[in-house]
Amino acid sequence: MKALALFSGGLDSLLAIKLIQETGVEIEAVYFLQPFLSQKEERKVVSHLQNLISQLQVKLHIIRLDDDYLRMLEAPAHGYGKAFNPCLDCHIFFLRKAGEMMNELGADFLVTGEVVGQRPKSQYKTAFPIIDSESGLAGLIVRPLSAGLLPPTIPEIKGWISLKHCPSIQGRQRKVQLELAKKYDLKFETPAGGCLLTNVEYGRKVRDLLAADGMLTSNSLRLLSIGRHFRFSPKYKGIIGRNHQENQELFRYFYARRWDAHLYLLKALGAPGPLALGLGEPSSEDLRNLSLLTIRYSDHPYQSKVSVKILTSGKDHQQATFIEEKTDNQRLIEKFRIN
Ligand code: SF4
């Protein structure tokens, strides 16, 4: 007997795997990697997951999600949480994918670390029947942490497993999970940050992007984690780096697409300061506003005259210079900043 576990990197899914291993079932695990993390973030996540799962000697499949995940994010049937997190649809999406993998791997059922009543929307008891039926996997999703509170699943009814040793956890309390972690000597550590889609500020930037572009891409979403974002018009936005690493990332983004149209790289000359990336089709006023903000965040003193070099992508690689006095430009920040 074999099961495929959805691994989230948290203690709950670690325990769920352990509890099913106790029944003698062989387990493989899968983690779905969101397609908009930076390379650095991806490496951090993967190494964290591998450290955790190595305690259980389970084979871990890491699957990077692609465009169909982004299409789901654009219009989730069950709506969003407090940020841009469509948790119910996201769970259903993960389970559908896991269901396909289950068949490919010859597994008999799925395992998740979901707990009744732990999180809004996706993990209330009432959400489980929706998740089960919309994923097409009713009866095949085993949730050992809340086993005693849920109707028996096919693996239990058919006698493949017994979940008598499993707890009946409900709600947000962590007491039972911590006791089980101690019992099984499992080390765990919640990675800082969590899912980007639950971050309200990130969510605002995603909404802005979707409203302006009409669709999401991995590249455009990845940029949302870098720098300060300004929306000047539906056709033009700017990103200003906040530190050396972000400036490098903005430069790399521009350089990799330097032959494409509609990209602008801006830098205030003569003093340390950020790089700014313009995306889209700016009016001269839009370009001026991004230049003023690039000056604003440079180290030049206020009231000094500053030159900004503007490089345009495309075959011609045009260059322009804009000269203006530095002021605090709070009005522009308040008017255009997306946050
Ligand atoms: S927290 Fe993020 S990854 Fe988890 S279900 Fe919600 S949207 Fe999906």
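Below is a table of values for the structure above.
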item	result
From the options 37, 4, 19, 14, residue that is over 19 Å from the mean Cα position of the chain (by Cα), surrounded by 18 or more Cβ atoms within 10 Å (Cβ to Cβ) and over 18 Å from residue 186 (Cα atoms)	4
Complete set of residues in the range 199-230 that are surrounded by fewer than 16 Cβ atoms within 10 Å (Cβ to Cβ), touching a residue at least 24 places away in the same chain (Cβ under 8 Å), closer than 20 Å to residue 89 by Cβ and not aliphatic (A, V, I, L, M)	207, 217
Criterion violated by residue 255 - all others in (1) surrounded by fewer than 21 Cβ atoms within 10 Å (Cβ to Cβ); (2) away from the ligand (no atom under 16 Å from the Cβ); (3) touching a residue at least 12 places away in the same chain (Cβ under 8 Å) satisfied	(3)
Members of the range 50-79 that are more than 10 Å from the ligand (Cβ to nearest atom) and touching a strand residue (DSSP E or B) at 6+ places or on another chain (Cβ under 7 Å)	50, 53, 58, 59, 60, 61, 62, 63, 64
Qualifying positions in the range 80-92 - free of Cβ contacts under 8 Å to residues at least 60 places away in the same chain and either more than 9 Å from the ligand (Cβ to nearest atom) or surrounded by fewer than 21 Cβ atoms within 10 Å (Cβ to Cβ) (or both)	92
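Taken together, the values in this text are just the output of simple stated rules run on the coordinates, not laboratory data. Everything quoted here is computed from the prediction, not taken from an experiment. Here Cβ is always computed from backbone atoms with ideal geometry, including for glycine, and neighbour counts include all displayed protein chains.
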